[in-house]
C-alpha cells in the first residue's frame, strides 16, 4: 500500500538469541573459572607459617584506634614481661561465649601485695574503685555487632584444648589469631579486621562451619 | 542541554559516592556497630564462682502473680533476670508455668513502678514516710492484703498483735470460698485434695478449673493426665464459656445463678433412673433433690431433661468421677452432694494433710472480707489501714461504695509496686519490691498437701534502690510496735533464714543452700480424715428469666488479666483472650438470638446499666453464652494503672451491687442490667475474625470412639 | 569448570536422594514438633513464653488490628467441628454444645518451604538441622517470603519497635538473639538460640546431643505438655516415636497410613510443602 521504500532487513531474531546465549554461557563459565582460581589455589593466609599446629593462621591486619580506658592497663607488662598466660585473667574464654574482662578481684589478688596503691597511681585508681564498689567502665575494642554470635569456648576447644600438638602455655598463639600479639600493646587495641570476610576465610581454611545460623543469631 | 551525562561517568560517580558513603563515618545504631570504643563493658568486682558472663545462672523462687504459688526457675545473666520457667521440683506445677507467670518479668521491669515513698503524691524519703506514719497512726491499725501465707503472714499477725489487735482482711475477687465452705460443711476439710488425673469424668458447675480456679497450672497438668488413655470426659455447666468450658466435651449453658438447680436436677436423675442412694447425704439434701424435678430445672435454668439425662449418663458410665462447683454456696454444696452420691469421696476427693506449723497456712482471700472492711470503715471502727496486694477501689462492687468507706479511715498506707486506683486514695505509698527481688515463703493454694512450702529468693539486685520487700516492711513495723523476740533480726532475710533453719533442724550454709536450690522446704504434716456430714442448709435461688429489656450481667475472670492486676503488662494485654481472641479492649459477650432481639450486630457499642453504675463497650456475638446473660470479662477499665492499662476497656465489677451469698458472704458476680445500643459501631480488634475453618483441615476433631478403637493411638 | 558441572550433578543427586523414602540423609538433625490438640487447653502460656524468650515486640491495639503484630506463635480458636457433625449433629444453630478447638500455629519449618526459594538475597534457607532459618541482617524486606507462606506465620517489622521496651523493660531482652529492627522479617526459629546453647553444652561435656537437651520455650512452659520437640533423625527420641506411632512420614503430600484412623496429621499437607509440625486430632466424647 505504501509507496516504494527500501525494504528493511528483518531483525535476525534467532541469531540474536543464540549469540546472547553463547555470551551468557561464556560469562557464567568464565566466572566459575575465576572463582576456582581464587579458592582452589594457594590461600593467601598460609604465608606466615604455623604458629598454631594444625591450623591455618590468619595474617590479615588492621590498624586499630587507641581507645582510652578507665585504667591504663599494660598487656606489654603483664603478658609480655611477666609472661602471664592470657587465660589466667581472661578465664571465661575457656567456658563461655565471652572471654571477659577479668573481675577486679583478680587484679586485687596480686595488687594488694605487689605494686600496690601506694606505689602506682593506676593501681590507686583501681583500689579506690574496688573499695567503693564501682565497676570500671571499659570501652569495648574488639566489638561484634549484636547479631553476631561468637563463642570463645568453641574456638579454644578446637585450636587449644582439643588440639593434641598444642600446650596451654602457648594459649597466646591461639588468642593472637584474632587479637594479634597483645604483648606489644598497653591497653587493648584492635589488630584484626574482625569482619565477616575475615571470619569466613579462616573458617574455609580450617574446616569451620559455613552455616549462617552458626554465627548469626 | 548543557552537558550530556554519559553513562560511563555517571556509573563512576555512583560507585565512588557509594564507596565514600560506606567509608565515611558509619551512622550505624549501636547494636550494629563494630567501631572500637562505642560500646562499654562493665566488668564484675567479685563474682560468685558459678557466675560466668555469657552463661545464665538459674535460681529457684516462687511466682506471686496469683495465689497458686507455683515454683519458678529464673534465668539470670549478668545480674538481670531474663526468663522464668516452672520449677521441675515443685509438686504444684512440676516445671510448668502459665502466661501470668511468664509475664512476671514485665511486672518486675515495668516502667511505671513506684520507686520512692510518697506522701500526698510527692516523693519523700523513707525516714520521712515512717515518721509520718508514726505520727498519724490512730487506733489499732488493720491490714488489708490478698491471700497470704508463710512467714510473711506470721509477721503480719505479729504486727497486728503488737499494735493493738487490729483485724486482717484478706481480700481476693477470684476465690474458691463457696467451694471451701461446702467442703468444710460436708467433709470437715475446707480444701480436700482433688484428683483430676484419677478421674474418668469431671463435671464442673461454674468452677473454671483450667483457667482461674485455685491453682490452674496444677489442674492443667492433672488435666493432661486426665486426657491420656483411658481418656476422661469433661462436662461444664456455666452461664458463659470459660477456658474450662472451651475444653469441654459437653458444654451446657445455664441461666446465671441456676447452676445449683442443674446439679440437683442431675442428682434427681441419678436417684430416680440409676437408683443411686441418697440416704447417706446430709439432712436437707435428699428433700432438695426430690423437689428438683426436670420441669423445675428447666424453668430455673433453661436446661432441658434430655441434657440432664446425658449428664447423668456420662457420670454413671465414666467412674470414678469428680464434681466441682463454685460461684455460690448452693452450687458448691450441690456439687458435693453429687460427689457423695457417686462415691467420689475417698477416690477422687481425699483428705488434705494438715500443716503442722499451722501459722504458716494460707489466709484465703475472700470478697466477704472486703464487705466487712467496708462496713467497719463506714462505722468508724478503722483508724489506720495498711493495704497491699489488692486493689479494692478497682475490684469492689459499685454498690459497696468503697471510696466513701475509705474516706472514713484516718490514715491509709499503701504498700504497692504501682500507682493504682487504691493508692490514689491513700495518704502514704510505700514502694514494694517485686517478686523477683524479694524473700519469702509461701504455701501453695492447694494446701501444702505434702508439706511442701515454696521459698522465694531474689533473682537479682533491686532494680530501684528505694523499694523494700513486704517482709522487711512488716519486720520493721513489728519491731517498732515493740513485739518481743524480733530484736535480733536486721532484716527479713535473717528472720526467714532463722525460721527455715529451725524447720529443717540445721543452721549451716550447705543446708540453707540446698533449700534455696530446691526452692522449697519440707514441713511436717499431720494426716486427717474426713468427718461425718453435718446438715446442709441451703436455698436454691429462684432464678427466672429476666424481665423484658433486662439481662443478667456476669463478670467473667480470665487467666491473663485476672482480676485486673495484670492489665499493666503489655504481653498480657496483647495476648488474645482465649475465647473471644480480642486484645487491648473490653467486650460484652452476648448470644446471637439475644443480640438479634436487641437489634445488635458484632462491634456495636452498648451501654450496660445497673443500679450501681454504667459501662459502655462493644458486643461480641457467640453462642457460648446463655441467652439471658451478658458476660463482660473483668480486668480492664483501669483509671489509674500506668501507661498500659489506664483508659483501656471497661470495668464490669463496678456494676455489681454487692449482693452477698447467704452462707459465705461472698459477692455474687451477677446482677440485673439494662442493655441499650448507643448507635456506634467499631470493629473489635481480634487475633482472628473468623471462627470457622471453611472446609480446611486445620484443627480437626475425632470422636472418642474412634480414639478408643485405636487406643495406643493416644 | 568441573565444579560447575559437578555442582549441578551433585545437586540433582541430593534432590533425588532426598525424595526417596522422604529421607533427608545429609541432614545432621531434623528438628520437628508434635502438638496434641486434645491436650491443648488454649491457655496461651506458650505464646507469652515465646514473647519472653525471643524479644518479641508488643504493638498495641491499632497495629494489631492492622495485622502487624509479632506473635511468632499464635493460638487460633475455632468453633466448628465438621467431622464431629457427621457423627452427631450437636452443634445446632442455637446453643454451643461443645467447647472450642484450639490450634497453636507457628512456623512449620517446611522441608520444601515455599518461602526459601523466593528470597531475593537468600536471607532464609534450610539449615543442616532441618530448620527454616531467617538471617535478620541479610533481609532487605521484600516480603516475598511472607507472601508465599500458606500458614501466614512470617512477621514483618513494619516499625522500629524500640518503644516496646521503655527502660527498664529493655533489661529483660534476651542477649542470645537479635532484637530485630525495622524492615526485617522474623518468625519462629524453634528457639535456635537454645539449640546453640545445648550444642555448646554437649560439646563442653564431650558428648552428643540427647533427646531432652533442647526444650523450646513453648514446650517447656505448656502446662499440659501438649507440645513435643525433638530430633526426628534420633530414633530413640520421643518425637520420632510419636511420628512413627501415628504413621506420618516426611516427603509425601498424602500419607499412606496402614491405619487411617490414627490421629496424627499435618496441616496443608496437600500443598506438598512437607511441614515438620505434627498435629494430633482433638478428641470429643459424643
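Each reported figure results from applying straightforward, stated rules to the coordinates on display, with no laboratory input. Small disclaimer: the values here were computed from a predicted structure and weren't measured. Positions of Cβ are generated from backbone atoms using ideal geometry, with glycine treated the same way; all protein chains shown enter the neighbour counts.
Projected over every direction and averaged, the convex hull enclosing the alpha-carbon atoms of the stretch C:181-220 yields 3.7 nm².
Take the Cα of residue B:550, step 7 Å toward its Cβ, do the same at residue B:48, and the gap between the two points is 6.1 nm. Peptides C:132-141, B:121-130 ranked from most to least packed, by the mean per-residue count of other Cβ atoms within 10 Å: C:132-141, B:121-130. The mean number of Cβ atoms from other chains found within 10 Å of a Cβ in peptide B:318-331 is 0, as a whole number. Give me the percent relative contact order of the stretch B:550-681, please, defined on Cα pairs under 8 angstrom at least 6 residues apart. Contact order relative to length: 36 percent. Expressed as a fraction of 2.2 N^0.38 Å, the C-alpha radius of gyration for the stretch B:117-176 is 1.35.
The modelled label-to-label distance for the pair residue B:184/residue C:170, using points 7 Å beyond Cα in the direction of Cβ, is 5.2 nm.
How much FRET efficiency would the formula 1/(1 + (r/R0)^6) give for residue A:114 and residue A:134, where r is the Cβ-Cβ distance and R0 is 22 Å, rounded to 0.05?
Details: r = 23 Å, r/R0 = 1.03.
Efficiency, from the Cβ-Cβ distance: 0.45.
The modelled label-to-label distance for the pair residue C:256/residue B:659, using points 7 Å beyond Cα in the direction of Cβ, is 6.7 nm.
At R0 = 25 Å, how high is the FRET efficiency between residue A:184 and residue A:144 if r is their beta carbon distance? Nearest 0.05 is fine. Efficiency, rounded to the nearest 0.05: 0.65.
Which residues does the label zone of residue B:299 cover in the stretch B:232-257, counting backbone N under 19 Å from a point 7 Å along Cα→Cβ? Output list for this probe position: B:254-257. Here the stretch B:659-698 is scanned for amide nitrogen atoms under 17 Å from the site 7 Å beyond the Cα of residue C:62 along Cα-to-Cβ, giving B:682-686.
Please give the per residue volume of the convex hull enclosing the alpha carbon atoms of the stretch B:454-511, rounded to a whole number of Å³.
113 Å³
Relative contact order, whole percent, for chain B stands at 17, derived from Cα pairs under 8 Å and 6 or more residues apart. Note that the protein assembly as shown shows a convex hull volume over its alpha carbon atoms of 251 Å³ per residue.
Counting only DSSP beta bridges with both residues in the protein assembly as shown, tell me the antiparallel percent, nearest 5. Intermediate results must be reported in sequence, preceding the final value.
Working: 71 of 120 bridges.
Beta bridges within the protein assembly as shown, antiparallel portion: roughly 60 percent.
Based on the alpha-carbon set only, what is the convex hull volume of the stretch B:550-681 divided per residue, in Å³?
On the way: hull volume 14.2 nm³, N = 132.
Given the Cα convex hull of the stretch B:550-681, per-residue volume reads 108 Å³.
Shown here is the pair-distance distribution of chain C: with all Cα-Cα distances grouped in 10 Å bins from zero up to the longest one, the shares run 6, 25, 34, 24, 10, 2, 0, 0 percent.
Tell me the Kirkwood hydrodynamic radius of the stretch B:449-567 in angstroms, computed as one over the mean inverse distance between distinct C-alpha pairs. Don't skip to the end; give the middle numbers.
Values: mean 1/r = 0.0496 Å⁻¹.
Value: 20.2 Å, from the Cα pair sum.
What FRET efficiency comes out for the pair residue C:142/residue B:531, r = Cβ-Cβ distance, R0 = 60 Å, nearest 0.05? The partial results should precede the final answer.
Numbers: r = 72 Å, r/R0 = 1.20.
Between residue C:142 and residue B:531 the formula returns 0.25.
Shown for B:687, B:572: other C-beta atoms within 10 Å of each C-beta, ranked fewest to most, produce the order B:687, B:572.
The distance linking the stretch A:109-131 with the stretch B:186-230 is 63 Å (Cα centroid to Cα centroid, whole angstrom).
One decimal place: the segment residue B:522-residue B:126 gains 138.9 nm when fully extended, by the rule 0.36 nm per residue minus the C-alpha distance. Values of log10 I(q)/I(0) for the stretch C:58-138 across q = 0.13, 0.16 Å⁻¹ run -0.70, -0.86, by the Debye formula with one identical scatterer at each alpha carbon and no solvent.
Based on the alpha-carbon gyration tensor of the stretch B:148-230 and its eigenvalue square roots a ≥ b ≥ c, which shape applies: rounded if a/c is under 1.5, prolate if not and a/b is larger than b/c, or oblate? List each step's numbers first, then the result.
Working: a/c = 2.89, a/b = 2.34, b/c = 1.24.
Because a/c hits 1.5 or more and a/b exceeds b/c, the stretch B:148-230 counts as prolate.
Cα centroid separation, the stretch B:283-310 to the stretch B:78-127: 47 Å.
Exposure proxy ranking for B:277, B:301, based on other Cβ atoms within 10 angstrom of each Cβ and starting from the fewest, stands as B:277, B:301.
The tail of the calculated P(r) for chain B, taken as Cα-Cα distances beyond 42 Å, holds 32 percent of the pairs. Between the alpha-carbon centers of the stretch B:360-415 and the stretch B:449-469, tell me the distance in whole angstrom. So the separation of the two Cα centres works out to 26 Å.
Based on alpha carbons, the Rg and Dmax found for the stretch B:177-355 are 14.7, 46 Å.
When you restrict to C-alpha pairs under 8 Å that are six or more residues apart and normalise by the size of chain A, the relative contact order lands at 28 percent.
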